[in-house]
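The values are calculated or read from the model by the stated rules, or taken from the named source; none is laboratory data. Just so you know, these numbers come straight off a predicted model, no measurement behind them. Heads up, the Cβs are rebuilt from the backbone with ideal geometry, glycines too, and the neighbour counts pull from every protein chain shown.
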Amino acid sequence: MKAIRVHAYDRKPSLDDVPEPVIKNPLDVIVKVRGAGVCRTDLHIIEGQWQDKSGVALPYTIGHENAGTVTEIGSAVTNVSVGDSVILHPLATCGLCLACRNGDDVHCTASDFPGIDVEGGMAEYLRTSARSVVKLDPSLEPADVAALADAGLTAYHAARKAAEHLRPGHTVVVIGAGGLGHIGVQVLKALASARIIVVDQSAAALELAKDIGADITVVADGTEAQRVLALTGGAGAEAVLDFVGEGSALASGVAMLRRAGTYYVIGYGGTLKVPTIDIISTEINFVGNLVGTYNDLVELMALAAEGRVHLHTVKYRFTDFQQALDDLHHGAVRGRAVLVPDDEFIAASH
């Protein structure tokens, strides 16, 4: 089969012929990949930013946002059948550790992360586990939801956390309405009754944010913190979801918080610097967000099936993967880039 593999960091990946995956244990599931999301993390992997953290041996196949059709199952698999359309939770988890037993499987102590530390899903087929597959509603096509497996899941995980504490009359700020942020806005609209303010540098992103549920949009031009404070009577927002995580977004985002407010860090790349006296004197909180749980993905798929969350995608032929990576690197993708099999490209693009 064909697979997109990294052979050396800071070099372009190549399209290689590799053996197809096979069933190795009773809970394995083999999936024909019909949608593979192209994520900024893939760019970071290629650049070598994950080299020390993942410890993966090169060459290996990237891709951690996958959906497709089940082609083979292990003898103990009962939750899906051959022919089912599924989306894959990005982690293959053990089910036995305390985190898994608490439903917090994103912190499984014995997990594999396809596309990060083991072979990923930018390939024709991918082997995963029964614990990782979510059967799709018939109304959902794999190529349309593939990127929800990580980008959407990460956004949902953070937005659901925030929604649990947001009340009518509260304000939540979303910084960045791109590939992740535009999902976060929709999830907040579905789960919370708070006023949603979206901050972004891009006029197109702000227009999209208005279309999908933002109550107010603010241009990130250096005055965004002051404008949010003015919109909240000088008090600030109860919650800030930062989908950028670098540059001036960090300082301005913290400045938007009210006393006892919570800052949800989703985007990464920068350094958060806050004087400890400012944290304790106002009791502000900082919460990290790593992907999401299997249950989060099930709930997100329910919202997608109900039409309450829609992923804006740009689809590319599988063999045009480098164009997709280049477009993402240059900021030319509106929403999320998704690779689809060449023979399905025309149908998936409509």
If you scan the range 295-350, which residues turn out to be among the small types (Gly, Ala, Ser) and either out of contact with any helix residue (DSSP H, G or I) (no Cβ under 7 Å at 6 or more places or on another chain) or closer than 25 Å to residue 210 by Cβ (or both)?
-> 302, 304, 305, 307, 324, 331, 332, 335, 337, 347, 349
The range 213-242 residues that are surrounded by 14 or more Cβ atoms within 10 Å (Cβ to Cβ), paired with ones that are among the aromatic types (Phe, Trp, Tyr) (beta carbon under 8 Å, 6 or more apart) | 239/263; 239/264; 240/263; 240/264; 241/264; 242/263; 242/264
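Of all the helices (runs of 4 or more DSSP H) wholly in the range 156-237, which have at least 1 residues that are of a type in the set (Val, Ile, Thr) and more than 28 Å from residue 328 (Cα to Cα)? Spell out the reasoning first.
On the way: elements: 181-191, 203-211, 224-231.
Filter on the range 156-237 gives 224-231.
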Does the range 145-153 contain any residue that is over 27 Å from residue 224 (Cα atoms), crowded, with 24+ Cβ neighbours inside 10 Å and among the acidic types (Asp, Glu)?
-> yes
Are there any pairs with C-beta distances below 6 angstrom linking a residue in the range 335-350 that is modelled with pLDDT of 90 or more to a residue that is aromatic (Phe, Trp, Tyr), with the two at least 6 apart or on different chains, and if so which?
-> 339/316; 339/318; 339/321; 341/318; 342/318
Output for the range 154-198, where each listed residue is crowded, with 23+ Cβ neighbours inside 10 Å and either without any contact (Cβ under 8 Å) to a residue 24 or more places away in the chain or hydroxyl-bearing (Ser, Thr, Tyr) (or both) | 154, 156, 171
Test residue 99 against the stated conditions and say whether it is touching a strand residue (DSSP E or B) at 6+ places or on another chain (Cβ under 7 Å) and either buried (at least 22 other Cβ atoms within 10 Å of the Cβ) or free of Cβ contacts under 8 Å to residues at least 12 places away in the same chain (or both).
-> no
Elements of type helices (runs of 4 or more DSSP H) contained in the range 1-115, each with 2 or more residues being over 17 Å from residue 132 (Cβ atoms), touching a Leu at 6+ places or on another chain (Cβ under 7 Å) and in the same structural domain as residue 139 (by TED's automatic domain parsing) | 40-47
